[in-house]
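Below: one structure, written as structure tokens.
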Amino acid sequence: MSRILGVHGIGKYRYHRAAGSAEGAAAALGAEWAGHLGDPRVELAVAYYAHHLHRGTPQGPEDDPAGLEPEAQELLVEWVETLQPVPSIAQGPRTARARQAADWLTRNFGAAARVFAIAFCREVHTYLSTPDSPRRMLARRAVADALAAHRPTIVIAHSLGSVVAYETLWAHPEHDVDLLITIGSPLAMPGVVLPRLLPGADTGGRPPRVRRWLNIADVGDIVAIPRSGLGAHFAGVERDITTTIGDWDFHTAGGYLRSPDLIKAIG
């Protein structure tokens with residue numbers, strides 16, 4: 001039986017609120033992921049870290065980037081400029097530029113993508129703001145503890161979780177992992193994530209005791225950029241797999257976990 005550890009992406013503090021504890025949140029997410037995967041031969045748990053990045057209820061409407069911290073607004077602008085064929089966000093006050101970026105997302109991907117992007121930038125900034133922030137260390141510690149407790153043969157890391165898993169596996173090289181699968185990963189996102197990683201792509205790559213690394217990205221996933229994948233930026237990525245998890249469901253963990261490409265990858 002394969003032992004799988006999942007590492008979740010953004011927006012998962014609601015599981016902690018519902019369950020009342022990190023352990024309860026991890027159990028609820030684990031059951032949800034196992035249901036999506038649908039393989040009784042797999043023993044699956046999820047490492048939970050969202051409570052370490054939660055900073056209270058955001059001020060203002062969830063679709064207004066004015067509620068973001070200045071650095072998170074800059075991340076939003078940088079991200080959207082990488083998505084545009086020709087950058088078109090005019091210079092001006094930071095909040096005005098962030099709103100231009102959010103408006104572009106709404107026009108091209110819909111209102112849900114706008115809300116998601118604002119939440120994504122908030123959590124990414126919280127995690128990556130400084131190299132040694134307590135929140136960053138606590139999130140990595142939560143994943144390291146889950147690795148030690150469950151001793152997985154496979155790690156599946158989604159979205160921001162792929163960033164946390166990458167840094168954790170480098171910071172805690174005592175864990176042997178047969179296969180790392182990153183899904184919907186922003187690890188190579190220029191400007192936003194790539195230059196802030198520890199270790200950086202130039203000195204990092206496949207973590208030292210990970211035997212194989214596969215990356216899976218939906219063709220329309222606005223988080224998994226650049227479209228060239230991770231192999232061009234990280235040594236040791238065995239393969240970048242392009243898939244389609246749904247016409248509108250281009251980033252959710254459930255969509256990736258149900259995809260034939262992921263099921264084939266875990267064997």
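The values are calculated or read from the model by the stated rules, or taken from the named source; none is laboratory data. Owing to the predicted nature of the structure, the values given are computational and were not obtained by experimental measurement. Glycine also receives a Cβ, built like all others from the backbone with ideal geometry; neighbour counts cover every protein chain displayed.
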The one condition residue 200 fails out of (1) more than 19 Å from residue 6 (Cβ to Cβ); (2) over 14 Å from the mean Cα position of the chain (by Cα); (3) in contact (Cβ under 8 Å) with a residue 12 or more places away in the chain is (3)
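The rows are residues; the columns are (1) within 13 Å of the chain's Cα centre (by Cα); (2) at pLDDT 95 or above.
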{"residue": "181", "(1), (2)": "yes, yes"}
{"residue": "228", "(1), (2)": "no, no"}
{"residue": "234", "(1), (2)": "no, yes"}
{"residue": "245", "(1), (2)": "no, no"}
Would you be able to tell me the number of residues in the stretch 1-22 that are touching a residue at least 12 places away in the same chain (Cβ under 8 Å), outside any strand (DSSP E or B) and not hydrophobic (A, V, I, L, M, F, W, C)? 7
Out of 96, 111, report the one residue that is exposed (fewer than 13 other Cβ atoms within 10 Å of the Cβ) and either modelled with pLDDT of 90 or more or more than 17 Å from the chain's Cα centre (by Cα) (or both). 111
Would a scan of the stretch 128-136 turn up a residue that is modelled with pLDDT of 95 or more, under 13 Å from the mean Cα position of the chain (by Cα), not hydroxyl-bearing (Ser, Thr, Tyr) and not in a helix (DSSP H, G or I)? no
Within the stretch 153-165, can one find any residue that is out of contact with any Ser or Thr (no Cβ under 6 Å at 6 or more places or on another chain), of a type in the set (S, T, N, Q) and over 25 Å from residue 61 (Cα atoms)? no
For residue 187, are the conditions met, namely being within 28 Å of residue 75 (Cβ to Cβ), assigned to a loop (DSSP other than H, G, I, E, B) and either in contact with a strand residue (DSSP E or B) (Cβ under 6 Å, 6 or more places away or on another chain) or not charged (D, E, K, R) (or both)? yes
Among the residues of the stretch 23-69, the number that are without any contact (Cβ under 8 Å) to a residue 60 or more places away in the chain and hydroxyl-bearing (Ser, Thr, Tyr) is 1
For the stretch 1-44: of the residues being more than 19 Å from the chain's Cα centre (by Cα) and acidic (Asp, Glu), which is nearest to residue 142 (Cα to Cα)? 23
Could you list, ordered by first residue, the pairs with Cβ atoms under 8 Å in which the first is in the stretch 109-136 and free of Cβ contacts under 8 Å to residues at least 40 places away in the same chain and the second is of a type in the set (A, V, I, L, M), at least 6 apart or interchain? 136/128
Is it true that residue 157 is among the aliphatic types (A, V, I, L, M) and not in a strand (DSSP E or B)? no
For residue 235, only one of the following conditions fails: (1) within 26 Å of residue 122 (Cβ to Cβ); (2) surrounded by fewer than 24 Cβ atoms within 10 Å (Cβ to Cβ). What is its number? (1)
When restricted to 254, 220, the only residue closer than 14 Å to residue 159 by Cβ, surrounded by fewer than 19 Cβ atoms within 10 Å (Cβ to Cβ), in contact (Cβ under 8 Å) with a residue 12 or more places away in the chain and not aliphatic (A, V, I, L, M) is 254
Which of the residues belonging to the stretch 33-86 are assigned to a loop (DSSP other than H, G, I, E, B), closer than 30 Å to residue 262 by Cα and among the hydroxyl-bearing types (Ser, Thr, Tyr)? 48, 49
